[in-house]
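Trainee: Structure in C-alpha cells, see below.
Bear in mind these aren't lab numbers, they're just calculated from the coordinates by the rules spelled out. Please read all numbers here as calculations on a predicted model, not as lab measurements. Cβ placement follows ideal geometry from the backbone for every residue including glycine, while neighbour counts extend to all protein chains displayed.
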Amino acid sequence: MKEAEDTVSFIRDYYQRSNFIPLHEPKFLGNEKKYVCNTIDSTFVSSVGAYVDKFEDMMASITAVKKAVAVVNGTAGIQVALRLAGVKEGDEVITQALTFVATANAIKYNGAEPVFLDVDYETMGLSHIALKHFLEEYGEIRDDGCFNKISGKKISACLPMHTFGFPVKIDKIIPICEEWNIPVVEDAAESLGSSYKGKHTGAFGKLGVFSFNGNKIVTSGGGGAIVTNDELVGKKAKYLTTTAKISHPYEYIHDELGYNFRMPNLNAALVCGQLESLSEFVDKKRKLANKYDQFFDGLGIKFRKEPEHSRSNYWLMCVELQNKRDREEFLKYTNQNGVMTRPIWKLMYKLDMYKDCFRDNQKNAEFLEDRIVNIPSSIR
Ligand SMILES: *Cc1c(COP(=O)(O)O)cnc(C)c1O
C-alpha cells in the first residue's frame with residue numbers, strides 16, 4: 001500500500017528516528033525530576049503532601065472550576081464521580097459504545113448498567129441526536145428522576161467521553177439532560193488542554209474526570225482528577241476518595257463506605273512538573289496536527305481535525321481510511337515497519353461483558369470503528 005509506505009517515511013522523517021516509533025510517549029522537560037526528588041528528601045512520598053494540594057490547585061485553575069480532587073487513576077475517578085452524581089446499584093447510565101473500556105467499567109463498578117448510544121460523526125463522542133431520540137422513546141420523568149419506562153430502571157447519569165481530545169457537542173448534550181433531569185459526568189480523561197467555546201472540557205457537567213496515565217498528554221505515572229463547580233460535591237469527592245474519614249484530632253471515624261483512591265504525593269510531584277509544560281505540549285501537538293493534515297491531504301487520506309467551536313489538545317491523532325480493508329493494510333504495513341498505529345476501540349457491546357446491554361442503531365460508531373486509525377502523536 002503506497003499510502004502506508006509514504007506515511008512511514010513521513011513519520012520517520014518527522015521524528016528523525018530509524019528505530020521503533022510508539023503511538024505516544026511521555027516527555028519530561030521541566031521540573032519533574034526536581035519535584036519528585038523533593039518528595040523523597042522530605043519523606044512525604046505517600047498519601048499526604050504539599051504536591052497533592054498544589055496539583056489540585058493547578059487543576060482547578062487550568063480547568064477553571066471551583067474544586068479539583070486528585071485520585072489514584074482516571075477509572076477510579078469516574079467511578080466515584082458517578083456515585084456522587086447519584087448513580088446506585090440497578091440504575092442505568094447513558095454513554096457511548098465507541099470509547100475506551102474504562103468508561104463502561106466505571107459504570108459497572110457502581111452496579112449500574114451502561115446504555116450505549118451512537119456517537120456524532122464529527123466529534124466521535126456521544127451524539128446529542130441519539131440522546132434525544134433515546135429519551136423521547138424510553139424516558140419518563142418521575143418525582144425522583146428520569147426512568148426508562150421499558151426497563152423500569154432509573155437513568156441516573158449521562159457520561160459522554162471526549163474522544164482523543166476532541167470535545168463532544170457538550171452545549172447540546174447538557175440542555176437535553178437538564179430537560180430530562182439527568183446529571184452529566186464528563187469522561188474528560190483524554191482531553192486535558194481541550195476547550196469548547198472557550199471553556200475547558202470537564203467543566204460543563206456536574207463533575208468531570210481526567211486521567212494522568214503514562215500515555216495521556218501529561219502524566220503522573222498513574223493518576224486522575226475529579227473536577228466540579230459544586231463545592232459541596234468537591235468536598236464529598238475528597239472525603240469519599242480518602243476512606244470517608246471524619247476529621248478528628250486522633251480518632252478513626254469513618255461514617256460511610258469510602259475508598260482509598262488517593263494519589264500519592266510522589267505522583268503528584270511528577271504531574272505538577274508536567275502541568276507546567278501543558279500549554280507548550282498542546283501548542284506542539286497542534287503544530288504536528290497541521291503538518292499531518294497537509295501531508296495526508298496530499299495522499300488523499302482524511303486526517304481527522306478538531307470539530308467546530310473547539311480547540312483540541314490533539315492528544316491522539318488519527319486518520320479515517322476508505323474502508324475496513326484499507327484500514328487492515330495500513331495497520332499491517334505501518335506496524336510491520338516499526339511505526340506504531342492502532343485501530344480505534346472495538347465497540348463496547350462487542351465485548352463479552354457488555355454484549356447484553358442496550359444499544360441503539362450505532363450507524364456512526366460502526367462506520368468509525370471500521371476506518372479510524374491512530375498514528376504516532378508524541379511531540380518531538
Ligand atoms: C485513559 C482513559 C480512562 C482511564 O484512565 P486511567 O487513569 O488509565 O484509569 C478513562 N476513560 C478514557 C476514555 C480513557 O482514555
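Trainee: Taking the beta-carbon count within 10 Å as an exposure proxy, list Val168, Val72 from fewest neighbours to most.
Mentor: Placing the least packed residue first, the sequence is Val72, Val168.
Trainee: Karplus couplings for the stretch 88-97 from phi (6.51 cos²θ - 1.76 cosθ + 1.60, θ = phi - 60°), rounded to Hz, Gly and Pro as x?
Mentor: Along the stretch 88-97, the couplings run 10, 3, x, 7, 10, 10, 7, 8, 9, 7 Hz.
Trainee: I'd like to know which of Leu331, Leu257, Leu316 lies farthest towards the positive end of the charge dipole of the stretch 229-334, counting +1 on Cβ of Lys and Arg and -1 on Cβ of Asp and Glu.
Mentor: Leu331
Trainee: Which parts of the stretch 69-94 would a label at Lys238 reach, counting a residue when its backbone N lies under 14 Å from a point 7 Å out along Cα-to-Cβ?
Mentor: Backbone N within reach: 69-71.
Trainee: Considering only Ser9, Thr241, Ile62, whose Cα is most displaced toward the positive end of the charge dipole of the chain, charges sitting on Cβ of Lys, Arg (+1) and Asp, Glu (-1)?
Mentor: Result: Ser9.
Trainee: What is the magnitude of the charge dipole of the stretch 32-275 about its Cα centre, with +1 placed on the Cβ of each Lys and Arg, -1 on the Cβ of each Asp and Glu, and no other charges, expressed in debye to the nearest 20?
Mentor: About 540 debye.
Trainee: Pop a pseudo-label 7 angstrom from the Cα along the beta-carbon direction at both Glu136 and Tyr14 and give the gap in nm to one decimal.
Mentor: Result for the modelled spin labels: 4.1 nm.
Trainee: When we measure straight from the Cα of Lys238, which lysines land under 18 angstrom away, once same-chain ones fewer than 8 places off are left out?
Mentor: Qualifying lysines at Cα under 18 Å: Lys54, Lys66, Lys67, Lys206.
Trainee: Are there DSSP H segments in the chain that both extend 24 Å or more along their axis (alpha-carbon positions) and score a mean Kyte-Doolittle hydropathy of at least -1.0? List them, or say none.
Mentor: 278-299
Trainee: Something else: Do any of Lys34/Lys235; Lys216/Lys284; Lys285/Lys346; Lys284/Lys324; Lys169/Lys305; Lys34/Lys236 go past 22 Å between their Cα atoms, and which?
Mentor: Beyond 22 Å: Lys34/Lys235; Lys285/Lys346; Lys284/Lys324; Lys34/Lys236.
Trainee: Determine, for Val65, Val87, Val271, the number of other Cβ atoms within 10 Å of each Cβ, and report the residues in order from fewest to most.
Mentor: The most exposed by this proxy come first: Val65, Val87, Val271.
Trainee: May I pose another question? Using a 10 Å cut-off around each Cβ, can you sort Leu351, Leu257, Leu159 from fewest to most neighbouring Cβ atoms?
Mentor: Leu257, Leu351, Leu159
Trainee: If you don't mind, there's one more thing I want to ask. With a/c under 1.5 counting as rounded, go ahead and sort the chain into rounded, prolate or oblate using the C-alpha gyration tensor (a ≥ b ≥ c being the square roots of the eigenvalues; past the cut-off, prolate if a/b is larger than b/c, else oblate).
Mentor: oblate
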